[in-house]
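Everything below concerns the one structure shown next.
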Amino acid sequence: MNRQWYAPRRLLSYLLAAVIAVTALFPLAWMAISGFKGQTEVLRSPFQFFPDVWNLDNYRAILEDPAFVRAMGITFLGAVIFTVASLVVNSMAAYAFARLDFAGKGLWWVVCITPMFVPAMAILLTSFVVVSKLGMLDTLAVLIVPGVAASAQMFFLRQFYLNMPSAVEEAALIDGATRWQIFLRIFVPQSLGPFVVVGIASFLAYWNSYVWPVLVVSNPDLTQIMQYLATFRSARGNEWGMLMAGSTLAALPTIVLVLVFQRYIVNGVRLAGLK
Amino acid sequence: MTMIDVSAQPTAHATEVTDPRGTSGQRRRRGVRGSEQTPRHLRANRTAYLMIAPMVVLLGIFVVWPLVYAFYLSFFEISFYKDAEFVGLDFYQYVLTDPEFYESLWIGLKFALMVVPAVLVLALMLASFIATLSKRMAAFMKTTVYVPAVVSSVVAAIIFVFIYQDEGVANWFVGMLGKGPIAWLNTEGSALPAVAIPAIWLGFGVSTLIMLAGILDIPDSYYESAKLDGANFWQRTRFITIPSLRNVILYLLVTGVTLTIQEFQLPLVMTNGGPVNATNTPNLYIFNSFRDGTPYATSYSLTAALLLFIVIGTISIIIFRVVSSEKSSDA
């Protein structure tokens, strides 16, 4: 497209971009700013955007709440383990389906890819029964293990591995390298981009999950951050300043993650290759 | 891990036999090698099985087993007080004759009709706009529109409940237009649209990026010749962009409808289905009937969940048929 624009037109497009950015980010900005307002100010009429005094009390109180700190810590720990485990499990299977030939491959492929089409709600109730029969209720494992194998992510990584050139792999095979060595030394190091994309997806899925933790965890030591926020609302629904400060802090890790890895994410959409 | 291995074995086998989607064969693309048959020495059965084992075992336990189990249980009446009793299709009949089930489906559909078209139009406009920007501005805008997508539904729900307060931003805005405050989430007519707004906000970013990727793949020459013919922006959008993005739009439409109709975290946190069930989406209805603890609630709600699974599949197929039957300029 023609990009030789006249100055006023360019100014107009900058203006439009600014309007879009402000609108898109408004709810988040509003949440963060409201966290700085005192109890009398947070829902005041007449309406006022910025607080009279930037008040740190809400943020301080939230950060001093041991339940909040514990929820952030345990959720972060769980999310990191979950992300790493997902990458290991899904990338191994992806490599095998993309690069190896083995008996019954077609059948195992169907087994591994069909779950992509099963909606979570259809199996939510029986998943609960299954994990309780396995004695997993109220453990860190019940939050992590059931979601680790993800067909969509495996599919995504497999597409990537299918497109990798096979020359190096064949040379390594002739040199006597095992498939494991090829996978770990050649494929994994070249997977940084796709690993970041699916890794972030895993991290977000874990960090943002709410219904599953509510069902399977009642031990306060294991309370997840979204669970914490939601109970906060029903128990102390009127302390909006506190709630906004807590929500801001809870959303912060995910937003930081996007800002750090933005380049990979935006390219990841293209990697996903919609044809 | 060992504990899981043992119990998984039978389920994994059961799947092989019962798996309904028999679309295996044609997946075996092998890159450069032309021949289908790999020499025996290149086969790697042992390694391959070890590599897929964790995936197969985990999916077997946490997806396949629960799914098969759900179908099995839907034929039984389960109660805390006595042994499960085989009742055949009774629960299917209960669900299918329950007006609340249909009401929730209708609400889910209305919700999807509010969210999906808004997201698609917004994404198309934003993507068209971002495509005209300089590289650096485009990168900034892409990140900006993506940020809301990573916020959890719980946080989004909390923010918007706050915005909808009597003294909140939404009412301040309405007040500027000279109207009185509205109890957004407590009024039957406004509750569902009020829940749809955060859904749109959470969803438009990813759709925009996907559409943008599609737009950038359209050859510039299409637009240049259209400009030579004197086509304005709207005509170019109507006759070039939209037809070229047909597959992308179809994808976003199908995934959008199927995901939106299943939304329940937003209404769960914002309204819990109220007022008067106005925001009781199908999954929320199922979730609440499961929690409700009345006898047979378990059988009832899991049967409803399976039926919804079927309904959603059917809707996806209908949408797919309708859109793909339309004429398009670019195959």
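List of remarks:
- The calculated FRET efficiency for residue A:9 paired with residue B:93, based on their beta-carbon distance and R0 = 45 Å, is about 0.10.
- The mean count of C-beta atoms from other chains within 10 Å of the C-beta of residues in B:168-175, rounded to a whole number, is 3.
- Computed from the C-alpha gyration tensor, the three semi-axes of the ellipsoid equivalent to segment B:124-246 are 37, 17, 13 Å, from longest to shortest.
- This ranking places B:224, A:41, A:64, B:77 by how few other beta-carbon atoms lie within 10 Å of each, fewest first, which gives A:64, B:224, A:41, B:77.
- Projected label distance in nm at residue A:18 and residue B:84, using a 7 Å step from Cα toward the beta-carbon: 6.3 nm
- For segment B:96-325, the spread of Cα coordinates along the three principal axes comes to 69, 45, 28 Å, biggest extent given first.
- Unit Cα scatterers, Debye sum, the protein assembly as shown: log10 I(q)/I(0) for q = 0.10, 0.11, 0.12 Å⁻¹: -1.01, -1.22, -1.43
- Computed over segment B:73-138: relative contact order in percent, which uses C-alpha pairs under 8 Å that are six or more apart: 16 percent
- Listed by number, the DSSP H helices of chain A that run 30 Å or longer by alpha-carbon position along their axis and have mean Kyte hydropathy of at least -0.5 are A:7-34, A:66-99, A:240-271.
- Segment A:65-235: relative contact order in percent, alpha carbon pairs under 8 Å with at least 6 residues between: 45 percent
- With the simple spin-label model, which puts each label point 7 Å out from Cα in the Cβ direction, the residue A:181 to residue A:255 separation comes to 4.9 nm.
- Solution diffusion estimate, µm²/s, Stokes-Einstein, chain A, Kirkwood Rh from C-alpha pairs, 4 °C, viscosity 1.567 mPa s: 58 µm²/s
- Average projected area [Cα convex hull, segment A:128-275], square nanometres: 12.7 nm²
- Relative to the Cα centre, the charge distribution of the protein assembly as shown, modelled as +1 at Lys and Arg Cβ and -1 at Asp and Glu Cβ, gives a dipole magnitude of about 2240 debye.
- Each peptide in A:23-33, B:209-219 receives the mean, over its residues, of other Cβ atoms within 10 Å, and ordering these scores from highest gives B:209-219, A:23-33.
- Mean-position separation - Cα centroids, segment B:273-294 and segment A:197-258, in angstrom: 22 Å
- For segment A:52-160: rounded, prolate or oblate by the Cα gyration tensor [a/c cutoff 1.5]: prolate
- Relative contact order, percent, segment B:96-325 [alpha-carbon distance under 8 Å, six or more residues apart]: 28 percent
- Exercise: per-residue mean of other protein chain Cβ atoms within 10 Å, B:159-165: 5
- Other protein chain C-beta atoms within 10 Å of residue C-beta, averaged over A:88-95: 5.
None of the figures in this text is laboratory data; all of them are computed from the coordinates on show. Bear in mind that the values here come from a model prediction, so they are computed numbers and not experimental data. Ideal geometry is used to build each Cβ from the backbone, glycine not excepted, and the neighbour counts take in all protein chains shown.
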